[in-house]
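Trainee: Sharing a structure with you now.
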Amino acid sequence: MPDLKQVDFKQVSSDVADRVGRAAKELGSGAGNAARELAASAEESVNTQIRKQAKAARKRLPTRRGPSPFTVIAGAISGAVAVYFLDPERGRARRAMFVDWSSARLRRGWHAVNQWGRQTGNTAAALPQRMVTLRTAPPPVDGAAPP
């Protein structure tokens, strides 16, 4: 039994009307043949519409068979980290060590960023003076080196 929810009845109507017109021309061969042609055309039109819509639905919705390898690896890693830090015997000590280690890294990084900012600021502040010094230097003597 065809699924009528997926049928475009306007398309079916136009297909059936075309075939009824053809069947009416052949009416001289009998009304039974015309009726059979009409029934076949309606069924064929419905089946065609169902196939078209099913094909369009398959193109729109990609099918997945399971989780991607990235998802599986990420899940395994997060599970291992959770087991490591939530261990009932050593988990508290591991969490404390991780907090100490990460805060030390943050302090060192913040110190490095501040140092880089100071060096850049000093270089930028000294640039105008260096430009003046380069312009006002005495011109070089051609070919003669001082004794």
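Trainee: Just to confirm a number: summing +1 for Lys and Arg and -1 for Asp and Glu over residues other than A93 whose beta-carbon lies under 14 angstrom from that of A93, what do you get?
Mentor: Around A93, the charge tally is +1.
Trainee: Assuming R0 = 41 Å, can you tell me the calculated FRET efficiency for the pair A40 and V72, based on Cβ-Cβ distance, to the nearest 0.05?
Mentor: FRET efficiency, A40 to V72: 0.20.
Trainee: Something else about it: Just going by the charge dipole of the range 92-135, with Lys and Arg at +1 and Asp and Glu at -1 on Cβ, which of G121, W110, A96 is farthest out on the positive end?
Mentor: Going by the Cα projections, it comes out as A96.
Trainee: On full extension of the chain, what length is gained from R65 through L86, given 0.36 nm per residue of separation minus the C-alpha to C-alpha distance?
Mentor: 4.3 nm
Values in this text are rule-based calculations from the coordinates and carry no lab data. Given the structure is predicted, the values throughout are model-derived calculations rather than measurements. With ideal geometry, Cβ positions are generated from the backbone for all residues, glycine too; neighbour counts draw on all protein chains shown.
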